């Protein structure tokens, strides 16, 4: 089966005739951890930071057809995306990484003759699940189930004022014009481009693996975009 990638919604196969021969997309990121050997002992102390290191996507690619007419267009496209974008591969649907292309994209004569080249992207360590991009709406108390083994940092939209409880975490909204969004990845509250941190009281919140209760406490509606991920 021919593998290709999409970047910021652009299909590289249909747009640039570019396909993947080999990729490490589905390897796991390295844990950010320090090891300390205990003098006079065979013991090792592991000092984990609770995080994982950035992941480098290495994709060996090739172009079908005339390489010279496509490779420059591909280069310009990748270089124009000076931000994190969704990177996904067709070999395995339902997952993506948030990545940015930062490589030089230099091709030597051997590359051009062989029509193969290597692309490198710097990505977050998570492999996000597309199912985690779907909002779950609550107009009454309920539960949301995290299907992974990792705590997720959701985007929560709250309508009306009051105190929302998700699992053991509380969010208090004192003022709202229609709704307020709280991003628990960036720890910011906002509505559109308006900062709303002064109208909301909240701390770190994650959706733990398994069931998480959602208690509206009189709030009219809550929308949760969970952002499930694996490694």
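The values are calculated or read from the model by the stated rules, or taken from the named source; none is laboratory data. What you are looking at is a predicted structure, and each value in this text was computed from that prediction instead of being measured. Cβ: placed from backbone, ideal geometry, glycine included. Neighbour counts: every protein chain shown.
Here are a few things to note about the model shown:
- Only one entry in 103, 32 is part of a strand (DSSP E or B), surrounded by 13 or more Cβ atoms within 10 Å (Cβ to Cβ) and free of Cβ contacts under 8 Å to residues at least 40 places away in the same chain, namely 32.
- Scan of the range 220-231 for residues that are assigned to a strand (DSSP E or B) and surrounded by 19 or more Cβ atoms within 10 Å (Cβ to Cβ), ordered by number: 222, 224, 229
Yes/no per residue for (1) on the phi > 0 side of the Ramachandran plot; (2) within 23 Å of the chain's Cα centre (by Cα); (3) surrounded by 15 or more Cβ atoms within 10 Å (Cβ to Cβ); (4) in a helix (DSSP H, G or I):
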{"position": "65", "(1), (2), (3), (4)": "yes, no, no, no"}
{"position": "70", "(1), (2), (3), (4)": "no, no, yes, yes"}
{"position": "76", "(1), (2), (3), (4)": "no, no, no, yes"}
{"position": "79", "(1), (2), (3), (4)": "no, yes, no, yes"}
{"position": "92", "(1), (2), (3), (4)": "no, yes, no, no"}
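- Criterion violated by residue 135 - all others in (1) buried (at least 16 other Cβ atoms within 10 Å of the Cβ); (2) farther than 30 Å from residue 18 by Cβ satisfied: (1)
- Residue that is nearest to residue 50 (Cα to Cα) [pool: residues in the range 151-160 that are assigned to a loop (DSSP other than H, G, I, E, B) and modelled with pLDDT of 95 or more]: 151
- Within the range 161-219, strands (runs of 3 or more DSSP E) holding 2 or more residues that are within 24 Å of residue 124 (Cα to Cα): 180-183, 188-191
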